[in-house]
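**Q** Okay, handing you the structure first.
The values are calculated or read from the model by the stated rules, or taken from the named source; none is laboratory data. Small disclaimer: the values here were computed from a predicted structure and weren't measured. Because the Cβ atoms are built from the backbone with ideal geometry, glycine has one as well, and the counts that use them run over all protein chains shown.
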Amino acid sequence: MTRIRLAAMAALLPLVLAASAGAQTVTPMTPDVVKSYDKVRPQANFIRREVMIPMRDGTKLYTVIVMRKGTRNGPILLSRTPYDAKSSVARVASQDIDEIVPAMDIEFVDDGYIRVYQDIRGLHNSEGEFIMNRPIRGPLNTTDIDEATDAYDTIDWLVKNVPESNGKVGIIGSSYLGFTSLMAEIDPHPALKAAVPQSPMVDGWMGDDWFHNGAYRQPSFDYVVEQSTGKAEAGGTATGVGDDYTRYLEAGSAGDFARKWGYDTYPFSQKLMQNPAYTDFWSLQAVDKWLAARPLTVPTMLVVGQWDQEDSYGAPAVYRAWEPKDTKNDKLSLVIGPWRHSGVNHYGYGLGDLTFTGDTAREFRVKYLKPFFDHYLKDAPDPKTPPVLTYATGENHWDVSQNWPAGNPVKLYLGDGFKLSFQQASAGGHDDYVSDPSKPVPFIPRPINMADPFQWKPWLVHDQRFVSDRPDVLVYQTEVLDKPVHIMGAPLVDLFAATSGTDSDWVVKLIDVYPNTSSEGAAQGSTVAEMAGFELPIGIEIFRGRYLHGFDKPQALTPGKLEEYKWSLPNVDHVFLPGHKIMVQVQSSLFPLYDRNPQTFVPNIFNAKPGDYKAATESVYHGGKAASAIVLPIADQ
């Protein structure tokens, strides 16, 4: 070997040793599994921390804190979730914070906000026991903890242990997270400066997730299994493919369905099935009642979608409870956007076959939501948040109002010949149909898969022509409108009806009927061919007849007796345009979304037997002293 080669090797040796420093010596049999991989690399433009925050009872809650590198004096924006905090910041495996956080959070983290997501107790990576919509401390909860105390303890820890923060906290979240956002406002921590509960779960019996006016929402079982197996580990039920309409119909009652699939083994399923009426079990859990008994101290923006298919009741209910306390009209605001459930946090270009003017959700978040938080959390100038902000569907623009409802009540009467008119007929009459529980009216066209998001999310805007010609659906229409009819509020049903059975459900739909031509659709920015003749539901709601004389006191109906039923449709801002018609449909089932009423009074419909399900003749009265009507909240034109 020459001296030159030896010298070259000597020069290379330090490089070889340096390259191998720190590397393990491997063989073909070296195990190939490593314990973990840190996806946040040194080049990431964000900081991510995982902490276990102790509550006052010693339980520790898993919490993820994320912020852009270099954040200083940043406000904290908190969400408390049952849906896995860890996955909340894993939208994309990336080193860019804008790609890992949900779309609605991008504007915040890019402006120095510290985003915090927490698993509520008992779920995912948090300790403790999970109780669905854990009741407030009081008659139903004799412990010293609830979601309000957990929120307080979390905020207290965050402002003391996140050095990058300015000590100010906002809370936000939709659906269950809307519930936990409201709970943070019960005995709030001093550092909580603003709250935006979106589509909050407020009263699960009156009109949110579990029941609507006493009628049971059968997809609730799937949610129970998903959230109450282990630490929310089930991932839903396993009923397989096929038509849910057939599946539920063949099972019998909702209770029989639960027993067939083993859902009855879940405590919350038993809570639902053992408490079908609005007794203290449910009324003492109503969040709006809790809040009505407390002062409004935290500036609050309540948000809901006009076509929220899960929690349309909660936000307006809290608004009604708290609005009298907002004496200066500056701490409480209500927002109703043209969205589905939680649609405010996604893309708002359209819903189903509807197309809006631009991304309405992002427009709201940028123009109204973030300035609201900036004012209270960053001392930005007062953006003068509107007391009420609603999106006028039909004309596609935002409306600002000082109060809600913003329209005045005007009755639209059902009449002879299946007509609708603003004039009450002097002569009375009635229209009949046979409601057969063995052939319930579907809530969307079959085959139905309620777990399919493409069916479930837009169902409230589905074209209603698929049931308009059924003999068990009554259809009333106005003449073609010669001027716009603008409604702003919750339409009210005032229905005079009788049944040959001893129990009955009543379903009423308020519908905008598009002209049966393609020319008008283009003006609305919608898909022209699809909107010609479209029957767009503006509001759909059900009422279970047994609760006519009190939601807590179910009673049998008297066969053939004329009764007056009153209930509300969801809150809307909508313009029925000239050239359109207004339609009202009346039916007695909306299946399998709601369980079938056997139309024979039984103590508990969850336990109804096959022989209890009987066809009944339903009579809807109009004119004279029994003038059925829809009370429209019509705004000044």
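This table checks each residue for (1) surrounded by fewer than 19 Cβ atoms within 10 Å (Cβ to Cβ); (2) without any contact (Cβ under 8 Å) to a residue 40 or more places away in the chain; (3) assigned by TED's automatic domain parsing to the domain that holds residue 532; (4) out of contact with any Asp or Glu (no Cβ under 7 Å at 6 or more places or on another chain).
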residue	(1), (2), (3), (4)
351	no, no, no, yes
366	yes, no, no, no
377	no, no, no, yes
390	no, no, no, no
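**Q** When only residues in the range 298-329 that are under 16 Å from residue 206 (Cβ atoms) and without any contact (Cβ under 8 Å) to a residue 60 or more places away in the chain count, which is surrounded by the most Cβ atoms within 10 Å (Cβ to Cβ)?
**A** So the residue we want is 321.
**Q** Which numbered condition trips up residue 145, out of (1) closer than 27 Å to residue 369 by Cβ; (2) in a loop (DSSP other than H, G, I, E, B); (3) of a type in the set (Val, Ile, Thr)?
**A** Every condition holds for residue 145 apart from (1).
**Q** If you don't mind, another one. Six or more apart or on different chains, Cβ atoms under 8 Å: show the pairs whose first residue is in the range 151-166 and in the same structural domain as residue 116 (by TED's automatic domain parsing) and whose second is among the polar types (S, T, N, Q) and surrounded by fewer than 22 Cβ atoms within 10 Å (Cβ to Cβ).
**A** What qualifies is 164/71; 164/73; 165/73; 166/73.
**Q** Now for a different question. Kindly list, by first and then second residue, each pair from a residue in the range 429-445 that is charged (D, E, K, R) to a residue that is surrounded by fewer than 17 Cβ atoms within 10 Å (Cβ to Cβ) and part of a loop (DSSP other than H, G, I, E, B), limited to pairs with Cβ atoms under 7 Å and residues at least 6 apart or on different chains.
**A** Correct list of pairs: 436/615.
**Q** Please return the ranges of helices (runs of 4 or more DSSP H) entirely within the range 75-141 where 1 or more residues are basic (Lys, Arg).
**A** Details: elements: 85-88, 97-100, 106-109.
Output list reads 85-88.
**Q** Looking at the range 434-452, is at least one residue assigned to a strand (DSSP E or B) and either of a type in the set (Lys, Arg) or more than 22 Å from the chain's Cα centre (by Cα) (or both)? Let's see the steps before the verdict.
**A** Quick first cut of the range 434-452, residues assigned to a strand (DSSP E or B) only: 434-435, 442.
Filter again for either of a type in the set (Lys, Arg) or more than 22 Å from the chain's Cα centre (by Cα) (or both), leaving 434-435.
Within the range 434-452 (the criterion being assigned to a strand (DSSP E or B) and either of a type in the set (Lys, Arg) or more than 22 Å from the chain's Cα centre (by Cα) (or both)), the answer is yes, since at least one residue qualifies.
**Q** In the set 229, 237, which member is over 21 Å from the mean Cα position of the chain (by Cα) and polar (S, T, N, Q)?
**A** Details: 237 fails: over 21 Å from the mean Cα position of the chain (by Cα).
Being over 21 Å from the mean Cα position of the chain (by Cα) and polar (S, T, N, Q) holds for just one of 229, 237, which is 229.
**Q** Among the residues of the range 216-236, what is the count of those that are touching a helix residue (DSSP H, G or I) at 6+ places or on another chain (Cβ under 9 Å) and either among the aliphatic types (A, V, I, L, M) or touching a residue at least 40 places away in the same chain (Cβ under 8 Å) (or both)?
**A** Residues flagged as touching a helix residue (DSSP H, G or I) at 6+ places or on another chain (Cβ under 9 Å) and either among the aliphatic types (A, V, I, L, M) or touching a residue at least 40 places away in the same chain (Cβ under 8 Å) (or both) within the range 216-236 amount to 13.
**Q** Can you tell me which residues in the range 75-93 are of a type outside the set (A, V, I, L, M) and either surrounded by fewer than 16 Cβ atoms within 10 Å (Cβ to Cβ) or without any contact (Cβ under 8 Å) to a residue 12 or more places away in the chain (or both)? Spell out the reasoning first.
**A** Taking the range 75-93 and keeping what is of a type outside the set (A, V, I, L, M), we get 75, 79-84, 86-88, 91.
Hits for the range 75-93 are 86, 87, 91.
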